[in-house]
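All remarks here apply to the structure that follows.
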């Protein structure tokens with residue numbers, strides 16, 4: 001509908017927003033893991049970081 005201020009998101013925009021949210025969530029998780037030397041997920045930090053880069057790269061694309 002023409003003339004409306006709001007418009008429906010395109011699938012690529014929705015995907016970018018989802019990936020941005022995923023990347024931000026992963027970044028928070030990485031920070032929590034890295035700040036706790038006893039966190040059992042410390043060994044998985046490289047995988048979390050790769051997933052974060054992937055998500056943010058997808059969001060930017």
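Quick rundown of the values:
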quantity	calculated
Pick from the stretch 23-43, criterion touching a helix residue (DSSP H, G or I) at 6+ places or on another chain (Cβ under 7 Å) and in a loop (DSSP other than H, G, I, E, B), ranking: farthest from residue 56 (Cα to Cα)	39
Candidate set: the stretch 6-22, residues that are closer than 13 Å to residue 53 by Cα and touching a helix residue (DSSP H, G or I) at 6+ places or on another chain (Cβ under 8 Å); chosen: the one surrounded by the fewest Cβ atoms within 10 Å (Cβ to Cβ)	20
Any pair with Cβ under 8 angstrom, 6 or more apart, that starts in the stretch 1-28 at a residue that is on the phi < 0 side of the Ramachandran plot and modelled with pLDDT under 95 and ends at one that is surrounded by fewer than 14 Cβ atoms within 10 Å (Cβ to Cβ) and in a loop (DSSP other than H, G, I, E, B)	16/61; 17/9
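The values are calculated or read from the model by the stated rules, or taken from the named source; none is laboratory data. All values derive from a computational prediction rather than experimental measurement. Note: ideal-geometry Cβ built from the backbone for every residue, glycine included; neighbour counts use all protein chains shown.
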